[in-house]
Amino acid sequence: MKNILLVEDERIIAEYNSLVLHKYGYSVTCAFNGENAVEIALSDNDISLILMDIDLGKGINGIRVAEIISTERLIPILFLSNRIALEEVLKIENFTPYGFISKNSSESFLVISIITALKLFDKHMDLYKKAIDIA
């Protein structure tokens with residue numbers, strides 16, 4: 001079973017998304033702010049993917065949280081937001097996001113996006129391992 005770290009400051013949205021993800025066979029760990037997300041992501045090696053809200057209210061935003069996590073760990077990160085600003089996406093330089101999902105997307109689109117991100121990450125890791133073996 002894949003474990004997803006869901007980073008969402010709005011508890012009702014986190015609860016709903018957790019129910020949806022459980023329905024499709026995922027285990028879910030929730031973080032309700034950026035600092036907690038960093039702590040969990042860097043200490044729990046069972047996390048397979050991070051579903052990250054961009055706007056986390058007070059404190060650091062989801063893009064900055066993803067940058068911090070990405071300096072320490074290779075893990076796919078999908079962003080979840082009510083509004084995805086092109087300016088924010090263009091600022092991302094220190095890591096590669098595995099996608100962006102609108103919060104009002106359907107359950108099936110959310111799950112398809114997760115499946116796709118996990119498969120893409122597995123392929124990236126295979127290529128990474130092959131490159132290390134060649135070197």
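Okay, here's what the table says:
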item: Cα-centred dipole magnitude for the chain, charges only on beta-carbon of K, R (+1) and D, E (-1), debye, nearest 20; result: 360 debye
item: Selected from LEU5, ILE92, HIS124, residue furthest toward positive end of dipole (the chain; charges at beta carbon); result: HIS124
item: Accessible area per residue, Å², the chain with all protein chains present, probe 1.4 Å; result: 58 Å²
item: Solvent exposure ordering (accessible area, 1.4 Å, most first) of MET125, MET1; result: MET1, MET125
item: Reference-scaled alpha-carbon Rg (2.2 N^0.38 Å with N residues) for the chain; result: 1.01
item: ARG83 accessible area, 1.4 Å probe, all protein chains in place, Å² to nearest 10; result: 150 Å²
item: Chain lengthening between LYS119 and GLU87 when straightened (0.36 nm per residue, less Cα-Cα); result: 8.8 nm
item: Rounded to the nearest 20 debye, dipole of segment 82-125 from Cβ charges on Lys, Arg, Asp, Glu; result: 80 debye
item: FRET efficiency estimate (nearest 0.05) - Cβ-Cβ, TYR16 to ASN61, R0 25 angstrom; result: 0.70
item: Alpha carbon centroid spacing (whole Å) that separates segment 6-25 from segment 97-135; result: 19 Å
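The values are calculated or read from the model by the stated rules, or taken from the named source; none is laboratory data. None of these values were measured; they are calculated from a predicted model. For neighbour counting, all protein chains shown are included, and Cβ atoms are generated from backbone atoms with ideal geometry for every residue, glycine included. Areas reflect the complete protein model, heavy atoms only, side chains present, ligands, DNA and RNA absent. Shrake-Rupley method; radii C 1.70, N 1.55, O 1.52, S 1.80 Å.
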